[in-house]
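Enquirer: The structure under discussion is supplied below as structure tokens; questions concerning it will follow.
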Amino acid sequence: QCVASSGGTDCLIRAFPTGYGMRVTDPMRTMFDLNDVRPSDSPPLTFYSKHSYKWTRTQQRPVGKFMTATMPFAPIGNHDDFFLLFPHAHKQEYMTWSTSAFSYDASFVRMYWHTHHKHTSDMWVISANASQLGLREVPQTGSLTMNLPWAPHYDAGYVDLTAQKLSTATAMEYVLDRLDKAQLQCAARGCTNEPRVRCMMNKDRWEELPTDDAYWTHSSLKERYHAPHCARWDFKNGDEYTIIAFHSPVEKPRTRDGADHMWMHVVFYGLYVPTEEGAYIPHAYSTT
């Protein structure tokens, strides 16, 4: 849950606009995360989770779920998994990104992210493509391009910023500068898909906990679930978007072998509704 100063459990509520609902056709499954930060020799912990739902049998306007992820180099397994290497000797930083296009007219009414927070500084979704943001002009460490029915114009890459003598801060400045230029071009020539940062990660997501366990002595920072509050985003079939993640260790990696191999995910989720009343939208779809 979120700390009290960040709204407490209010941050967990996912409410749709009046008259909208997600159709349930199969048995529901709930999930939750628990961080047990007690010393390793603590007694067994008894815990529970509580989930609350509001439902109706009255016909509602449909809500769908969208998911996309960066897959900049060979994924591990069948999901959006990949490894990033954070050596113990110096601060290692990366940028990962992917561009694709929407296949429907719809509107996001809620957006949120998934990553491993201790190695992620920020994540952005921008209504612009990789060319507008100059991402291919930065030497890529790895890349992936494909054009599939469910992932039109999919382009992705990752950059070892440290090897390029860059940092997450300079990479962010570079992207925002290119975004400014794309916005000026849009204003001068006109465009149907306005280049804009549509959602960012919520940076107020940390709680520092006391610890007396040697294993956790430099890992007292614990991430809390605190979803971003991003404005509604109307998009059309064919509109391109880019998700970008900036990876840097929030604190010095713990290590036993000289390096920290971090299992990483960069996933963007959006709950969407049809822009036009009565228009078809899929119950769920993904571009990765």
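Enquirer: Among the candidates 121, 131, which residue alone is within 15 Å of residue 174 (Cα to Cα), small (Gly, Ala, Ser) and open to solvent by 30 Å² or more (accessible area, probe 1.4 Å)?
Expert: One residue alone meets the criteria, 131.
Enquirer: Now a separate question. So, of the residues in region 195-214 that are modelled with pLDDT under 95 and of a type in the set (Lys, Arg), which turns out to be nearest to residue 178 (Cα to Cα)?
Expert: Among those residues, the one meeting the criterion is 203.
Enquirer: Can you spot a residue in region 73-83 that is at pLDDT below 75 and charged (D, E, K, R)?
Expert: For region 73-83, residues at pLDDT below 75 and charged (D, E, K, R): present.
Enquirer: Further question on the same structure: Among the listed residues 142, 157, which satisfies the condition of being in contact (Cβ under 8 Å) with a residue 40 or more places away in the chain, open to solvent by 10 Å² or more (accessible area, probe 1.4 Å) and of a type in the set (Gly, Ala, Ser)?
Expert: So the residue among 142, 157 that is in contact (Cβ under 8 Å) with a residue 40 or more places away in the chain, open to solvent by 10 Å² or more (accessible area, probe 1.4 Å) and of a type in the set (Gly, Ala, Ser) is 142.
Enquirer: Among the residues of region 144-202, which ones are in a loop (DSSP other than H, G, I, E, B) and farther than 26 Å from residue 227 by Cα? Write out each step before concluding.
Expert: Taking region 144-202 and keeping what is in a loop (DSSP other than H, G, I, E, B), we get 149-150, 161-167, 190-196, 201-202.
Scanning region 144-202 gives 149, 150, 161, 162, 163, 164, 165, 166, 190, 191, 192.
Enquirer: I'm trying to understand the selection: among the residues of region 42-72, which are over 23 Å from residue 283 (Cα atoms) and among the basic types (Lys, Arg)?
Expert: Scanning region 42-72 gives a single hit, 50.
Enquirer: Still on this structure: How many residues are part of a strand (DSSP E or B) and modelled with pLDDT of 90 or more when one looks only at region 101-111?
Expert: 5
Enquirer: So, one more: Taking region 160-191 as the search range and keeping residues that are small (Gly, Ala, Ser) and open to solvent by 60 Å² or more (accessible area, probe 1.4 Å), which one is nearest to the chain's Cα centre (by Cα)?
Expert: 163
Enquirer: Also, quick follow-up: Check 156, 182 and return the single one that is at pLDDT below 90, among the aliphatic types (A, V, I, L, M) and within 16 Å of residue 241 (Cα to Cα). Let's see the steps before the verdict.
Expert: Working: 182 fails: at pLDDT below 90.
After applying the criteria, what remains is 156.
The values are calculated or read from the model by the stated rules, or taken from the named source; none is laboratory data. In this text, all values refer to a predicted model and were calculated from it rather than measured experimentally. Cβ coordinates were reconstructed from backbone atoms using ideal geometry, including for glycine residues, and neighbour counts include every protein chain displayed. Quick note on the areas: whole protein, heavy atoms, side chains included, nothing else; ligands and nucleic acids left out. Shrake-Rupley method; radii C 1.70, N 1.55, O 1.52, S 1.80 Å.
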